[in-house]
1. From (1) surrounded by fewer than 17 Cβ atoms within 10 Å (Cβ to Cβ); (2) over 20 Å from residue 11 (Cβ atoms); (3) of a type outside the set (A, V, I, L, M, F, W, C); (4) in contact with a Lys or Arg (Cβ under 7 Å, 6 or more places away or on another chain), pick out the condition that doesn't hold for residue 278.
2. So for the stretch 85-92 (the condition being in a helix (DSSP H, G or I) and open to solvent by 20 Å² or more (accessible area, probe 1.4 Å)), does at least one residue qualify?
3. Restricting to strands (runs of 3 or more DSSP E) lying wholly in the stretch 124-164: which have 2 or more residues that are within 16 Å of ligand 3 (Cβ to nearest atom)?
4. Identify the single condition in (1) within 16 Å of ligand 3 (Cβ to nearest atom); (2) surrounded by fewer than 17 Cβ atoms within 10 Å (Cβ to Cβ) that residue 65 does not satisfy, given that it satisfies every other one.
5. Just checking, how many residues over the stretch 165-190 are assigned to a loop (DSSP other than H, G, I, E, B), more than 13 Å from ligand 2 (Cβ to nearest atom) and farther than 30 Å from residue 120 by Cα?
6. Are there any pairs, at least 6 apart or on different chains, whose C-beta atoms fall under 6 Å, with the first in the stretch 201-219 and within 15 Å of residue 178 (Cα to Cα) and touching a residue at least 40 places away in the same chain (Cβ under 8 Å) and the second part of a helix (DSSP H, G or I) and within 7 Å of ligand 1 (Cβ to nearest atom), and if so, which?
7. Look through the stretch 301-331, keep the residues that are touching a residue at least 60 places away in the same chain (Cβ under 8 Å) and crowded, with 16+ Cβ neighbours inside 10 Å, and return whichever of them is nearest to residue 398 (Cα to Cα).
8. Kindly indicate which of 395, 334, 402 is crowded, with 19+ Cβ neighbours inside 10 Å and in contact with a helix residue (DSSP H, G or I) (Cβ under 8 Å, 6 or more places away or on another chain).
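The values are calculated or read from the model by the stated rules, or taken from the named source; none is laboratory data. This is a predicted model, so every value here is computed, not measured. Neighbour counts are summed over all protein chains in view; Cβ atoms, including those assigned to glycine, are modelled from backbone coordinates with ideal geometry. Surface accessibility is based on the protein's heavy atoms, side chains included, excluding ligands, DNA and RNA. Shrake-Rupley method; radii C 1.70, N 1.55, O 1.52, S 1.80 Å.
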Amino acid sequence: MPVLVMKFGGTSVANLDRIRRAAKRVGVEVAKGYDVIVIVSAMSGETNKLVGYVDETSPLYDAREYDAVVSSGENVTAGLMALTLQEMDVPARSWQGWQVPLKTTSAHSQARIEEIPTDNINAKFGEGMRVAVVAGFQGISEEGRITTLGRGGSDTTAVAFAAAFDAERCDIYTDVDGVYTTDPRVCQKARKLDKIAFEEMLELASLGAKVLQTRSVELAMRYKVKLRVLSSFEEQSDEAGTLVCDEEEIMESNVVSGVAFSRDEAKMTLLSVADRPGIASIIFGCLSDAGVNVDMIVQNISEDGRTDMTYSLPTDQVKRADQALAELKSSGGLNFAELVIDEDVAKVSVVGIGMRSQSGVAAKMFKVLSDEGINIKVITTSEIKISVLVDRKYLELAVQALHDAFELEKA
Ligand code: ADP
Ligand code: ASP
Ligand code: MG
């Protein structure tokens, strides 16, 4: 029988009522003749609560134990979903990641999927089971430890299962009815897109649009998974939601197709480091060893053989970065005058494949921000995106002004 993957995010399984609603939707697909793999997130708020427990217990935690704790939310919803389906007379059972076993790297808290054996679940489908409910976000490392795939990782579990089982489609059910030109919670004029190209979705996701985890889009692109984002709260037709697809399948395209943002950014500046070969390698090697994900990097012009190095990173990694650099300094590995930390910044980006062939987008973006009196702190660009770091208090204003200026409310 054809296989369908259906993923339900946190708000879609937030309580027993919602789980029943999601299960009914699964029942509809089973009745159509599909064998269904359901991937569930933890109930909304649950993972944040677990992360909070870990942070309070051990601020510079052992990531293996972090994973042991934060992966547990999904176990509850997987079991409850299987029970709900059984109550509806749909043959179903649950799997935790290790039972599949979903094998991952040992990069705890941001592990990558290496393999999903299909025999175990297929054997059960062969025996008449119709729904395999799998706990999203989690797997097992070669060392036999529980791993997690990074926040939002259930999306990636879903796409990886769709690829492994050659599913007809991977439907991501969430609390919005598709992918919008920007987060509809921040900009009322945001417009739902019927289709979006993999490349654009990849940029939007990696720049902060959390509707899909970045890695899930990468996998869908690589394994040609038919990926759809839709609402679990509305009645759905087969055309509902947003299809993430190849560029060639999209007729019209604005130069800018979306605005993404990331609220919890911080900026650190190392004042007066030596301007000589090897310094950047020492600084960013040290940060990488400490598990810090550096994003934007700017090196100032040098004066008297010294320079300043600025970089951005997620706010929750500031402590780690600060400590790693302080240790490097005290061990004589790096000399700098001061480490200046700004924890009140946000990143705003415009994305569009049309930028490849049209110039002037950066100039327009900077003019819009300047007209609103918003100072730009750091800029980076790539072929299809421009990102700026601004004070966090201007985030909403910047997103709305850019959405207006690039007329994203119009198709
Ligand atoms: P789930 O719990 O279902 O995985 P998430 O909270 O991870 O849901 O992702 C859905 C949220 O993503 C939406 O509620 C919305 O606020 C946010 N979002 C950010 N950017 C976009 C966008 N461009 N289109 C749609 N939603 C977006
Ligand atoms: N529950 C996890 C999180 O909140 C994974 C997910 O929902 O995708 O990040
Ligand atoms: Mg999510």
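1. If we test residue 278 against (1) surrounded by fewer than 17 Cβ atoms within 10 Å (Cβ to Cβ); (2) over 20 Å from residue 11 (Cβ atoms); (3) of a type outside the set (A, V, I, L, M, F, W, C); (4) in contact with a Lys or Arg (Cβ under 7 Å, 6 or more places away or on another chain), just (4) comes out false.
2. Our first condition is that a residue be in a helix (DSSP H, G or I); within the stretch 85-92, this holds for 85-87.
From the residues that got through so far, the ones that are open to solvent by 20 Å² or more (accessible area, probe 1.4 Å) too are 86-87.
Scanning the stretch 85-92 turns up at least one residue that is in a helix (DSSP H, G or I) and open to solvent by 20 Å² or more (accessible area, probe 1.4 Å).
3. Details: elements: 131-135, 138-140, 146-148.
Fully inside the stretch 124-164 and qualifying: 131-135.
4. Only one criterion is unmet by residue 65, namely (1).
5. The number of residues fulfilling the criteria is 14.
6. 212/155; 213/155
7. Narrowing the stretch 301-331 to residues touching a residue at least 60 places away in the same chain (Cβ under 8 Å): 310, 312, 319-320, 323.
From what's left, crowded, with 16+ Cβ neighbours inside 10 Å: 310, 312, 320.
Working: 310: 22, 312: 19, 320: 30 Å.
Step by step, filter the stretch 301-331, then rank; the result is 312.
8. Working: 395 fails: in contact with a helix residue (DSSP H, G or I) (Cβ under 8 Å, 6 or more places away or on another chain); 334 fails: crowded, with 19+ Cβ neighbours inside 10 Å.
Just a single option satisfies the conditions, and that option is 402.
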